[in-house]
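A quick write-up on the structure given underneath.
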Amino acid sequence: MSAELFIALVFVGPGVAAFGLECLMFRLTRHRFWPLRLLPVALLALPAARVWEAWRYGGPFRQLTLLSWEIVTLSMVLGLVLGSLVGFLWAKRS
């Protein structure tokens with residue numbers, strides 16, 4: 001596996017997974033159980049905890065660790081926002 005593909009999977013993969021999960025949740029909760037649509041937001045707790053841990057404990061690669069986990073978190077947030085938008089429009093159309 002090339003380095004570019006690995007980096008793309010690590011940093012873009014969580015956003016794509018969050019996008020798919022959010023679209024799926026909007027599709028499954030079209031008429032009932034709409035609070036379950038917020039369930040994928042709980043997935044943001046993992047990278048947020050890793051950012052907190054990296055910030056708190058420091059180390060020689062503190063800035064690099066913070067940057068990488070912040071990129072993963074932002075990718076997930078973007079995936080959730082786009083998934084919510086697409087899911088909302090998809091549910092509205094049907």
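So how far, in whole Å, is the C-alpha centre of region 67-94 from the one of region 21-49?
Each part reduced to its Cα centre gives a spacing of 10 Å.
Kindly write out, for region 23-28 in residue order, the coupling ³J(HN,Hα) from the Karplus curve 6.51 cos²θ - 1.76 cosθ + 1.60 (θ = phi - 60°), rounded to whole Hz, with x marking Gly and Pro.
Karplus-based 3J(HN,Hα) across region 23-28 equals 4, 5, 5, 5, 5, 6 Hz.
Tabulate in residue order the Karplus-calculated ³J(HN,Hα) for region 53-62, using 6.51 cos²θ - 1.76 cosθ + 1.60 with θ = phi - 60°, rounded to whole Hz; enter x for Gly and Pro.
5, 5, 5, 6, 8, x, x, x, 10, 4
Which net charge results for the neighbourhood of Leu28, defined as the other residues with beta-carbon distances under 15 angstrom from its beta-carbon, given Lys and Arg at +1 and Asp and Glu at -1?
+3
Out of (1) 56; (2) 64; (3) 73, which label holds the value of percent of Cα pairs over 17 Å apart that was computed here?
Only one listed value fits the structure, namely (1).
How charged is the neighbourhood of Gly83? Take every other residue with its Cβ under 15 Å from the Cβ of Gly83, and add Lys/Arg as +1 and Asp/Glu as -1.
+3
Within the chain, what is the longest stretch that has no chymotrypsin sites (Phe, Trp or Tyr not before Pro) placed in a DSSP loop and near at most 14 other beta-carbon atoms within 10 Å?
62-94
Work out which trypsin sites (Lys or Arg not before Pro) in the chain are exposed loop sites (DSSP not H, G, I, E or B, at most 16 other Cβ within 10 Å) and give the longest gap free of them. The partial results should precede the final answer.
Details: sites that count: Arg30, Arg32.
Here the longest run is 33-94.
With every protein chain left in place, what is the accessible area per residue of the chain in square angstrom, probe 1.4 Å?
Value returned for the chain: 73 Å² of accessible area per residue.
The values are calculated or read from the model by the stated rules, or taken from the named source; none is laboratory data. This one's a predicted model, so the numbers in the text were calculated from it and none came from an experiment. Cβ atoms come from the backbone with ideal geometry, glycine included; neighbour counts cover every protein chain shown. Heads up: the accessible areas ignore ligands, DNA and RNA and are worked out on the full protein's heavy atoms, side chains in. Shrake-Rupley method; radii C 1.70, N 1.55, O 1.52, S 1.80 Å.
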